[in-house]
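Trainee: Have a look at this one before I ask anything.
The values are calculated or read from the model by the stated rules, or taken from the named source; none is laboratory data. In this text, all values refer to a predicted model and were calculated from it rather than measured experimentally. No Cβ is skipped: glycine too gets one built from the backbone with ideal geometry, and neighbour counts run over all protein chains shown. Accessible surface is based on the protein model in full, side chains and every heavy atom, while ligands, DNA and RNA are left aside. Shrake-Rupley method; radii C 1.70, N 1.55, O 1.52, S 1.80 Å.
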Amino acid sequence: TTDQGTALAARTNIGSANYILKRDPLGRWGTMGQSGTTFQGVSATGGVVDIMMVGGTVFACGSWGTAGGTKAPNIAMYFPQSNAWGTLGPGTMVSAGPMQQMAYSPWGSLYVGGFLQTTAGTNTRLVAQWSAGGWGSLPGGTIGTSGASQLQTMLFNAGTLFLAGVGMNSFGGTAGTAIGFWSRGVWGTLTGGT
């Protein structure tokens with residue numbers, strides 16, 4: 001019977017998003033993680049989040065030293081119940097640069113790629129896998145590299161992990177150029193041409 005109105009704000013100011021925003025089912029925007037710096041770089045600068053993935057929980061990888069105040073170099077997982085970031089353990093990941101790719105299998109394994117060297121003391125050149133039992137290499141060998149090598153993309157499909165990048169010249173001892181796959185513990189390359 002009467003007209004009533006209210007001004008709708010064109011934007012919502014939530015202050016610093018600390019590199020990641022979330023939107024809840026009610027449409028409210030907010031930060032992921034408690035107040036303060038979420039991702040802090042190895043130096044005084046902020047971190048860089050390259051990719052996120054949901055696999056029962058939220059994973060993020062990129063280039064940073066700490067996540068939510070916890071030492072978690074280059075990769076972290078988010079716990080919604082406590083609104084906090086934490087590490088994927090056990091084991092220490094050593095890389096010469098950022099983690100840039102992730103793929104998740106329906107069986108609960110997370111595959112991570114980038115400038116990776118070792119994980120939990122094991123040679124995990126360019127790629128490693130993580131599950132509830134901790135970090136490990138992909139059985140069957142490693143990726144052979146030459147020059148400036150970098151894993152640039154990964155895809156998990158129907159039990160097979162496909163990997164592609166620059167400077168990759170063998171997969172578990174099988175010669176291949178730039179693209180290969182890992183399936184049920186065996187490395188392989190795509191046949192039918194280069």
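Trainee: Consider L116 carefully, then state whether it is open to solvent by less than 50 Å² (accessible area, probe 1.4 Å), in a strand (DSSP E or B), under 18 Å from A60 (Cβ atoms) and not basic (K, R).
Mentor: Here the answer is yes, as L116 does meet what is asked.
Trainee: Let me ask something else. Please state which of the following conditions G159 fails to meet, knowing it meets all the rest: (1) farther than 13 Å from A103 by Cβ; (2) touching a residue at least 24 places away in the same chain (Cβ under 8 Å); (3) touching a strand residue (DSSP E or B) at 6+ places or on another chain (Cβ under 9 Å).
Mentor: (1)
Trainee: Then there is this: Does V127 meet the test of being in contact with a strand residue (DSSP E or B) (Cβ under 6 Å, 6 or more places away or on another chain), free of Cβ contacts under 8 Å to residues at least 60 places away in the same chain and open to solvent by 60 Å² or more (accessible area, probe 1.4 Å)? Before you say what the answer is, go through the steps one by one.
Mentor: Numbers: in contact with a strand residue (DSSP E or B) (Cβ under 6 Å, 6 or more places away or on another chain): yes; free of Cβ contacts under 8 Å to residues at least 60 places away in the same chain: yes; open to solvent by 60 Å² or more (accessible area, probe 1.4 Å): no.
For V127, the condition - in contact with a strand residue (DSSP E or B) (Cβ under 6 Å, 6 or more places away or on another chain), free of Cβ contacts under 8 Å to residues at least 60 places away in the same chain and open to solvent by 60 Å² or more (accessible area, probe 1.4 Å) - is not met.
Trainee: Go through P106, P90, P73 for me and flag whichever is within 15 Å of M53 (Cα to Cα), part of a loop (DSSP other than H, G, I, E, B) and either open to solvent by 30 Å² or more (accessible area, probe 1.4 Å) or hydroxyl-bearing (S, T, Y) (or both).
Mentor: P106
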